[in-house]
Amino acid sequence: MKTLKIINQNGSCCTNTKEIKVQKNIKNLPIAIIGAGPIGLAAAAHLVEHKQAFILLEAGHEVAHNIRTWGHVTLFSPWRYNINKAAKAILDASDWEEPNLDTLPTGHELIDLYLKPLSNLMQIKPHIQLNSKVVGISRQFNDKMKTKNRVEQSFIIYIEQENDIRMIEARAVIDVTGTWGNPNPANSTGIWLQNEKALADHIEYGIPSINTNTKRYANKKIAVIGGGHSAINTLLALAELQEENPVTKLVWIMRKKSVEEAYGGEEKDALAARGALGVRIRELVDTGKVEVITPFYISQVKKEENIHIVGTINGEQKVLTGFEELIVNAGNRPDLSINSELRLSIDTATESVQALAPLIDPNEHSCGTVRAHGEEILRQPEKNFYIVGAKSYGRAPTFLMATGYEQVRSITAYLSGDEEASKRVELELPETGVCSINLVNQSNTCC
């Protein structure tokens, strides 16, 4: 049975909700950051810089727990765009060894060479709480409906930790929980069906580590679903497996009008690495190592003797059969359930922060063409509550880590009383952006 603990302003605990005292001055409370990934830790570094009290909550057992699940993937942007300036400033004052800024880190290296050393600094470590899953946020004594004295009340953050439900008070909340772990389904309409959920043991979402799980995929018929660079990288990794296990059959299913749309500029691409990726996947398709089915709109996946993929191609219904494993690279979506008792402005199409939607629409933008934005764009109707990072982009795949760093720089300046700094733009990217795509075994993940 779970018990309820309330963390008061002075840090002491009690088990009786009657002992909660109304805060007459919520300015004395800490700022809560939810999610200890790169953007959450950058927010912490900026709050250290501004000498502001904060608490950093992480659901996993280590910082950047979600990144560890895709640690084998290489980021497409070099180190110089993945290290936050405020974080670097306090790291440089320690015995930290800066990585080569022109190299491309893997997810594991991002954690081990940067995020862990940052989290272990004396200015940050005491304020981190691991294994602390936030399940809800509200205003003290108020649900979403209540208006009177709302902004004068502190935020109450409900946390599951071991067998306890704890409550923490905060004067402001920065939600950096991301979208990882909340994937879109294979279904082209975005609807999650029970048939797909029932196939959980035979479907992976994102870019799996093929090299460490060869038995699962070797000599099987595999469908890779998605038309982006994540799908291409998955196919390239599977093609290496296919060389050693020639019975392995690879089928690439997407919605693009033609496979050529997925190749990009190839040799003419201004970014050589991205072009090389297109050249390599074209070669695999042209030699028959990868079968392409497009434009295919999936209506459901289901288990018969094997996995059947039901959909429509060129206006006719078709059932694709014989699959043993599926890998779905259809992106992710935000989980807004913890924010359900707060007053939010969310775009109905992208599920991003409302004012941000026109700037990040993937129909118009890539992550290299999204202009810098800060506190004013990210401001919510719920005063002093912010959604930042990948979650602020909703379903749009145009998020860039450096953009997230600029978001929290602006917000933390505003919450620290420096409105002028919050309005400045300090994000610097090269003319081509850093949305390049790496060679084989490297991902195009926009973070």
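The values are calculated or read from the model by the stated rules, or taken from the named source; none is laboratory data. Nothing here was measured: the structure is a model prediction, and the numbers come from that model. Cβ coordinates were reconstructed from backbone atoms using ideal geometry, including for glycine residues, and neighbour counts include every protein chain displayed. The accessibility values were calculated without ligands, DNA or RNA, using every heavy atom of the protein model including side chains. Shrake-Rupley method; radii C 1.70, N 1.55, O 1.52, S 1.80 Å.
Structure values in brief
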item: Contacts under 6 angstrom Cβ, first residue in region 16-43 being under 20 Å from ILE165 (Cα atoms) and open to solvent by 30 Å² or more (accessible area, probe 1.4 Å), partner modelled with pLDDT of 95 or more and not polar (S, T, N, Q), 6 or more apart; result: PRO30/ALA53; PRO30/PHE54; PRO30/ILE55; PRO30/ALA170
item: Complete set of residues in region 242-258 that are polar (S, T, N, Q), surrounded by fewer than 19 Cβ atoms within 10 Å (Cβ to Cβ) and either over 29 Å from SER299 (Cβ atoms) or touching a strand residue (DSSP E or B) at 6+ places or on another chain (Cβ under 7 Å) (or both); result: ASN245
item: One residue from THR398, THR403 being over 23 Å from ALA59 (Cβ atoms), modelled with pLDDT under 85 and open to solvent by less than 10 Å² (accessible area, probe 1.4 Å); result: THR398
item: Test for ASN25: is it modelled with pLDDT of 95 or more and more than 25 Å from ILE387 (Cβ to Cβ); result: no
item: Of all residues making up region 214-234, the number that are in a loop (DSSP other than H, G, I, E, B) and either open to solvent by less than 10 Å² (accessible area, probe 1.4 Å) or out of contact with any Asp or Glu (no Cβ under 9 Å at 6 or more places or on another chain) (or both); result: 3
item: All positions within region 32-76 that are basic (Lys, Arg) and either more than 26 Å from ARG171 (Cα to Cα) or not in a loop (DSSP other than H, G, I, E, B) (or both); result: ARG68
item: Selection status of ILE137, in contact with a helix residue (DSSP H, G or I) (Cβ under 8 Å, 6 or more places away or on another chain), among the β-branched types (Val, Ile, Thr) and open to solvent by less than 10 Å² (accessible area, probe 1.4 Å); result: yes
item: Residue list for region 214-226, filter: over 17 Å from LYS289 (Cα atoms) and in contact with a strand residue (DSSP E or B) (Cβ under 9 Å, 6 or more places away or on another chain); result: ARG216, GLY226
item: Restricting region 411-420 to residues that are without any contact (Cβ under 8 Å) to a residue 12 or more places away in the chain and closer than 21 Å to GLN380 by Cβ, the residue that is least open to solvent (accessible area, probe 1.4 Å); result: GLY417
item: All positions within region 189-248 that are among the charged types (D, E, K, R) and within 25 Å of GLU305 (Cα to Cα); result: GLU196, LYS197, ASP201, GLU204, LYS215, ARG216, LYS220, LYS221
item: In region 314-335, the residues that are open to solvent by less than 50 Å² (accessible area, probe 1.4 Å), at pLDDT 95 or above and of a type in the set (A, V, I, L, M); result: LEU320, LEU326, ILE327, VAL328
item: Some residue of region 213-224 being among the small types (Gly, Ala, Ser), modelled with pLDDT of 90 or more, touching a helix residue (DSSP H, G or I) at 6+ places or on another chain (Cβ under 9 Å) and over 19 Å from VAL73 (Cα atoms); result: yes
item: Qualifying residue in region 402-417 (condition: under 18 Å from the mean Cα position of the chain (by Cα) and assigned to a loop (DSSP other than H, G, I, E, B)); result: no
item: Unmet requirement for LEU104, which otherwise passes all of (1) in contact with a Lys or Arg (Cβ under 9 Å, 6 or more places away or on another chain); (2) hydrophobic (A, V, I, L, M, F, W, C); (3) surrounded by fewer than 21 Cβ atoms within 10 Å (Cβ to Cβ); (4) in contact (Cβ under 8 Å) with a residue 60 or more places away in the chain; result: (1)
item: Output for region 322-381, where each listed residue is part of a strand (DSSP E or B) and among the β-branched types (Val, Ile, Thr); result: ILE327, VAL328, ILE346, VAL353
item: Boolean, VAL73 is buried (at least 17 other Cβ atoms within 10 Å of the Cβ) and at pLDDT 95 or above; result: no
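Every residue, every condition in (1) hydrophobic (A, V, I, L, M, F, W, C); (2) open to solvent by less than 50 Å² (accessible area, probe 1.4 Å), yes or no:
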residue: PRO117; (1), (2): no, yes
residue: ARG171; (1), (2): no, yes
residue: PRO183; (1), (2): no, yes
residue: ILE191; (1), (2): yes, no
residue: ASN195; (1), (2): no, no
